[in-house]
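Structure first, commentary second.
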Amino acid sequence: MVNETANVPKTVETGSGSGGTTTIDWTTYRFPSQLIYREAAKICTLEKRGSVYILTLTGNHDHRLNPTLVDSISSALHRIRSETTASHSPGAALITTGEGKYFSNGGDISWVDSNKDRLIFMISKVRSLLTDLMSLPMPTIAALNGHAVGQGYILALCHDYVLMRKDRGFLYMSGLDIGEVLPTPFFKATLEAKVSSRAVLRDIVLRAEKMTAEKAVEKGIIDAAYDSAEATVEAAVELGGQLARRKWNGQVYAENRKIC
Amino acid sequence: MCTLEKRGSVYILTLTGNDEHRLNPSRIDSISAALHRVRSESTATPSTCTALITTGEGMFFSNGGDIPWAQSNKQKFLFLMSKIRALFTDFMSLPMPTIAAVNGHATCAGVILALCHDYVFMRKDRGYLYINYNDIGIVPTSPYIRATIRAKISSPAVWRDLIMSAQKIPATMAVEKGIIDAAYDTVEETVAAAIELGEQLVMRKWKGHVYAENRKLLFPEVLQALSVVETDESVKNSLVPIKDLTSRL
């Protein structure tokens, strides 16, 4: 936990004597966390640290993307969107992370229960969540606390920056092993958009390779790997703070992401 | 605004003047005239092979399109955009190898100008590549910006670093990220290396029109995107009132 007495923003004196100016150096200050939203089903929380939002998939289970979880993530995103457009002050960032061993284990197969309509419904919900995320008017960072499998992997890749812990957890496109065809074009489109090498793409999809964080950094899939889940989230908060401090216009950022 | 010289079998196009070399209609016209000259001389004597090196004087390679010239006047802006597109199409269809010897800062359209060359060398000691649309608050709706970046740079993480993070990328970082080909200690070394590469390529005795056609085959999306005409609707997000712009530049 943060030692409150030591965590004070540094003031920097510039200039000489009485004519100098005092500015506050926010770069090393650790903002206290402010819980702003706990979803009714208690499966995700949204907190704000300074100008950085942290969306946490709570609970020590595998955070499968069933309609309930997808809905609660969507309403958290909606909350963020309305807060940032209402506030008119530019400069925010979103970090998505989770509790426990899993970031997300993908689609909820037991909820689908071999019912084709349910499968179509679930995938369409995930698609609209990903569209929401890809059009969010601020930089997005995924701080992977554990395994990201299947649709969870795609969810991670839909963020602008992906950081992951190296001590446990892997990225895994499980389709081949469970006998599922990659659902709909968005799987392929996201993978192709975020992974540059054809050989790596083949390893992910056709070899169903379980990649640890360090391997993923080597292959250029994610941005960085950290020693523990806490370190990953810390680094994400720091990166989020840096990006938020550039005070980009959210709408412009979102439009430029569509171009990118 | 620019000079054209020939050293051996290599043409050197230099953006003169110690200013920002912004792409406004006059500068674009003089570059186009130089390119026209290069093209006609090389087609007049089809047995000779040549190469083109583009460089600049001073601290800037090019600080991008001359948006202040357009003064938020939509007609002027559209005119400027179409002239810039024509210039890049000229470079992309030039019937000889092209090498950019980046002598300093390149911003937005300046980066695209460098990327339109087959090889990009840059000096290490000063200058950076900077795509600053996010920082200024403009959405560049011309599709060729995206098409060129995607065609010439392979890694999506680097696209993100360039466009979304608006990173100022100096030469050594640019080589690491795979944006440019090589970085040299000083501007003289950069130009010398470009000339040397040009001479090597000339010795391969390639036919100019074959080279141009092969380049078009390799980058069809770039040429296709360069032919898309901007409309009033599409540029409304790119027009920033001039008073806002000068404070942010």
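The rows are residues; the columns are (1) touching a helix residue (DSSP H, G or I) at 6+ places or on another chain (Cβ under 6 Å); (2) on the phi < 0 side of the Ramachandran plot; (3) within 14 Å of chain B (Cβ to nearest Cβ).
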{"position": "A:ILE109", "(1), (2), (3)": "no, yes, no"}
{"position": "A:LEU129", "(1), (2), (3)": "yes, yes, no"}
{"position": "A:LEU157", "(1), (2), (3)": "yes, yes, yes"}
{"position": "A:VAL181", "(1), (2), (3)": "no, yes, no"}
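Tell me, please, whether a residue that is within 18 Å of the chain's Cα centre (by Cα), away from chain B (no Cβ under 14 Å) and among the hydroxyl-bearing types (Ser, Thr, Tyr) can be found in segment A:189-202. Checking segment A:189-202: not a single residue is within 18 Å of the chain's Cα centre (by Cα), away from chain B (no Cβ under 14 Å) and among the hydroxyl-bearing types (Ser, Thr, Tyr).
Mind listing just one residue for me: the one in segment B:123-144 that is touching a helix residue (DSSP H, G or I) at 6+ places or on another chain (Cβ under 7 Å) and of a type in the set (Lys, Arg) and, of those, nearest to the other protein chains (Cβ to nearest Cβ)? In this case the residue turns out to be B:LYS124. Of the residues that make up segment A:165-187, is at least one open to solvent by 10 Å² or more (accessible area, probe 1.4 Å) and closer than 16 Å to A:ASP132 by Cβ? Yes; the residues of segment A:165-187 include at least one that is open to solvent by 10 Å² or more (accessible area, probe 1.4 Å) and closer than 16 Å to A:ASP132 by Cβ. B:ALA166 meets each of the listed conditions (1) of a type outside the set (S, T, N, Q); (2) more than 14 Å from chain A (Cβ to nearest Cβ); (3) part of a loop (DSSP other than H, G, I, E, B) apart from (2).
In segment B:201-211, is there at least one residue being open to solvent by less than 30 Å² (accessible area, probe 1.4 Å), small (Gly, Ala, Ser) and under 17 Å from the mean Cα position of the chain (by Cα)?
So in segment B:201-211, the residues open to solvent by less than 30 Å² (accessible area, probe 1.4 Å) come out as B:201-202, B:208.
Narrowing the set further to residues that are small (Gly, Ala, Ser) leaves B:208.
Then drop every residue that is not under 17 Å from the mean Cα position of the chain (by Cα), which leaves none.
So far as segment B:201-211 goes, no, none of its residues is open to solvent by less than 30 Å² (accessible area, probe 1.4 Å), small (Gly, Ala, Ser) and under 17 Å from the mean Cα position of the chain (by Cα).
Once segment A:126-147 is narrowed to residues that are at pLDDT below 95 and small (Gly, Ala, Ser), the residue that is nearest to B:ILE163 (Cα to Cα) is A:SER135.
Just wondering, is there one or more residues in segment B:22-38 that are open to solvent by less than 30 Å² (accessible area, probe 1.4 Å), more than 19 Å from B:TYR130 (Cβ to Cβ), in contact with a Pro (Cβ under 6 Å, 6 or more places away or on another chain) and outside any loop (DSSP other than H, G, I, E, B)? Within segment B:22-38 (the criterion being open to solvent by less than 30 Å² (accessible area, probe 1.4 Å), more than 19 Å from B:TYR130 (Cβ to Cβ), in contact with a Pro (Cβ under 6 Å, 6 or more places away or on another chain) and outside any loop (DSSP other than H, G, I, E, B)), the answer is no, since none of the residues qualifies. Of the residues making up segment A:228-259, those that are over 18 Å from the mean Cα position of the chain (by Cα) and farther than 17 Å from A:SER135 by Cα are A:ARG245, A:ARG246, A:LYS247.
Given the criterion more than 12 Å from chain B (Cβ to nearest Cβ) and free of Cβ contacts under 8 Å to residues at least 12 places away in the same chain, identify the matching residue among A:LYS215, A:LYS210.
On the way: A:LYS210 fails: free of Cβ contacts under 8 Å to residues at least 12 places away in the same chain.
None of the others qualify; the one that does is A:LYS215.
Evaluated against (1) over 10 Å from the mean Cα position of the chain (by Cα); (2) under 19 Å from B:LYS177 (Cβ atoms), B:PRO95 falls short on exactly one condition, (2). When B:ALA151 is tested against (1) surrounded by fewer than 20 Cβ atoms within 10 Å (Cβ to Cβ); (2) assigned to a strand (DSSP E or B); (3) of a type in the set (A, V, I, L, M, F, W, C), exactly one condition is not met: (2).
The set of residues from segment A:249-260 being part of a helix (DSSP H, G or I) and facing chain B (nearest Cβ under 7 Å) comprises A:VAL252, A:TYR253, A:GLU255, A:ASN256, A:ARG257, A:ILE259.
Residue count for segment A:84-107 under the criterion of being at negative phi and in contact with a strand residue (DSSP E or B) (Cβ under 8 Å, 6 or more places away or on another chain): the result is 14.
For every residue, the table says whether it meets (1) in contact with a Ser or Thr (Cβ under 6 Å, 6 or more places away or on another chain); (2) away from chain A (no Cβ under 14 Å); (3) assigned to a helix (DSSP H, G or I).
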| residue | (1), (2), (3) |
| --- | --- |
| B:ASP161 | no, no, yes |
| B:GLU176 | no, no, yes |
| B:GLU188 | no, yes, yes |
| B:ALA193 | no, yes, yes |
| B:TRP206 | no, yes, no |
| B:LYS216 | no, yes, yes |
| B:ALA225 | no, no, yes |
| B:SER234 | yes, no, no |
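When segment B:69-96 is filtered for residues that are at pLDDT below 90 and open to solvent by 40 Å² or more (accessible area, probe 1.4 Å), the ones remaining, listed by number, are B:TRP69, B:GLN71, B:SER72, B:ASN73, B:LYS74, B:GLN75, B:LYS76. So, B:ALA183, is that one away from every other protein chain (no Cβ under 14 Å), among the small types (Gly, Ala, Ser), touching a Gly at 6+ places or on another chain (Cβ under 7 Å) and touching a residue at least 60 places away in the same chain (Cβ under 8 Å) or not? When the stated conditions are applied, B:ALA183 does not pass them.
Checked against (1) at the interface with chain B (Cβ under 9 Å from one of its Cβ atoms); (2) more than 24 Å from A:MET173 (Cα to Cα); (3) open to solvent by 30 Å² or more (accessible area, probe 1.4 Å); (4) modelled with pLDDT of 90 or more, A:ALA231 passes all but condition (1).
So that you can scan it fast, the table gives a plain yes or no per residue for (1) touching a residue at least 60 places away in the same chain (Cβ under 8 Å); (2) crowded, with 20+ Cβ neighbours inside 10 Å; (3) assigned to a strand (DSSP E or B):
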residue: A:LEU46; (1), (2), (3): no, yes, yes
residue: A:LEU55; (1), (2), (3): no, yes, yes
residue: A:ASP71; (1), (2), (3): no, no, no
residue: A:SER74; (1), (2), (3): no, no, no
residue: A:SER82; (1), (2), (3): no, no, no
residue: A:PRO90; (1), (2), (3): yes, no, no
residue: A:PHE103; (1), (2), (3): yes, yes, yes
residue: A:ILE120; (1), (2), (3): no, no, no
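The values are calculated or read from the model by the stated rules, or taken from the named source; none is laboratory data. For clarity, every value in this text was computed on a predicted model and none was experimentally measured. Positions of Cβ are generated from backbone atoms using ideal geometry, with glycine treated the same way; all protein chains shown enter the neighbour counts. In case anyone asks, the SASA skips ligands and DNA or RNA and just uses the protein heavy atoms, side chains included. Shrake-Rupley method; radii C 1.70, N 1.55, O 1.52, S 1.80 Å.
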